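Take a look at the structure below.
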Amino acid sequence: MNTLLDAFISPISALIENKFILFLIVGLFAISSLFFIKYKAKSGFSLSDRFWVFWTGHKCERSGDLLSEIIEIEKFNYHYNTYAISKKQTAQLESWVRKYELDFKLIAKLKRNLKIDTLKIKKVNKAIPPSIFMFLFVPFFAFLGAFVIAIKPAGLIKIDGTGWFWFNANEAMEYSFLGRSENSWIIKKEQCTKKNEIKVNLDNITIDTICDSFNSQRVSYFIKSLIKKQRWFFGISSGVLLFIAGFLFRETISLLITYDAREMIYLKIKKYRSNRESKRHKS
C-alpha cells in the first residue's frame, strides 16, 4: 500500500540514489549561484580572487591595494543593489542614508533608478506605473490563451462555415478562449453511431465531416502532427509572453518603489532641515 508520504519521498529517494542526476542538479545550482552573485555584485573580481586562492593557496594581504577596494565595492553593490564604482561613492551613500535617516531597505530596491554619483533618484510620472500595469494584462491574457493551446491534447482546427474547435481521436469540442461555457457544443466519437440524436448548433454536413474524421487514418495522422506543432509553437510563445508580462510587472513595482522613495527622501530631508532650523533658533 502506498501512502501520500511515500508519493513525496519516493522521487526524492530515487533522485539521491541516481548520483549523476544529483551531481548535475548540484552543479547547475552552484553555477547559477555564481552568476547570481556576479550579477548582484556588478563584477566578478571577488569570485576570481577566491578562485585564485582556492587553486594556489596564496592570498595577497596588501591593505589599501586596488583589488581589495574593488572587492569591498563588490560586496557593497551586492548588499545594496547599487552600481558604485569607487569607495568614495559608497561612503557618500552611507553618509547620505545616515544623515537623513533614510529607509535603507527602500534605497536598496532602487537599483539603476538611483544615480549613486549624484545621489539623485529618477523622477517618475505618477500616471506611468498604472499605465504599464494595465498594459501588462495584454501579454498575460495572450499567455493564458497560448498556454491552453500548448497543453491541450487536441488540435485546434476550423471547417468552412464553423468557428474554431478542438479535435482529437475521441471528441470534437467548440473552442472558447475562457474555457468551455454552457453553450459550447461537443461531439463525442460514440455519438456518431446515432447522428440524429446529436443536438449541436451545427449543420448536418459539418456533423458528417466531424464523424467521418474520427475514423480517418489521414485525419488522425494530421491531428497528431498538429498537436506536436501546437505544443512547440504555443509553448515557446507562452514562455515569451509570460516573460514580457513578468518584465512589465517588475517594471511597475520598480517605478512604484522609486516614486515612494522620492516621497520618503523629500519628507526626511524636509524634517531634517526643519529640526536643524529649530535648533538654530533655540541656540
Measure of exposure for Lys188: accessible area at 1.4 Å probe, Å² rounded to 10, is 80 Å²
Probe 1.4 Å - accessible area at Ile207, Å² to nearest ten: 10 Å²
Extending each Cα 7 Å along its Cβ direction at Glu72 and Arg218, get the distance between those two points in nm, one decimal. 7.9 nm
Surrounding charge for Leu136, neighbours by C-beta under 14 angstrom, Lys/Arg +1, Asp/Glu -1, total 0
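For Phe177 and Ser95, compute 0.36 nm times the residue count separating them, minus their Cα-Cα distance, and round to one decimal in nm.
24.0 nm
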Which pairs break 18 Å Cα to Cα here: Lys99/Lys279; Lys120/Lys270; Lys75/Lys111; Lys122/Lys271; Lys152/Lys228; Lys105/Lys271? Lys122/Lys271; Lys105/Lys271
Order Val240, Val97, most accessible first, counting only protein heavy atoms with a 1.4 angstrom probe. Val240, Val97
I'd like the distance between the alpha-carbon centres of the range 137-152 and the range 204-283, rounded to an integer number of Å. 11 Å
Loop-resident GluC sites (Glu not before Pro) in the range 164-257 with no more than 10 other Cβ atoms inside 10 Å, DSSP not H/G/I/E/B, are Glu182
Gain upon complete extension [Ser86, Asp103; 0.36 nm per residue less C-alpha separation]: 3.9 nm
From the C-alpha gyration tensor of the range 166-283, pull out the three semi-axes of the equivalent ellipsoid (sqrt of 5λ each), sorted largest to smallest, in whole Å. 67, 18, 7
Rounded to the nearest 0.05, FRET efficiency between Ile128 and Asp160 (Cβ-Cβ, R0 51 Å) equals 0.65
Where the accessible area of the range 127-283 is counted over protein heavy atoms with a 1.4 Å probe, how much of it, in %, is carbon and sulfur? 61 percent
Accessible area per residue, Å², the range 92-159 with all protein chains present, probe 1.4 Å: 62 Å²
In a Debye calculation with equal point scatterers on the alpha-carbon sites of the range 98-138 and no solvent, what is log10 I(q)/I(0) at q = 0.27 Å⁻¹? -0.99
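The values are calculated or read from the model by the stated rules, or taken from the named source; none is laboratory data. Quick caveat: nothing in here was measured; it's all calculated off a predicted structure. Using ideal geometry, Cβ is built from the backbone for each residue, glycine included, and neighbour counts are taken over all protein chains shown. When the accessible area is computed, the model is the full protein with side chains, heavy atoms only, and any ligands, DNA or RNA have been set aside. Shrake-Rupley method; radii C 1.70, N 1.55, O 1.52, S 1.80 Å.
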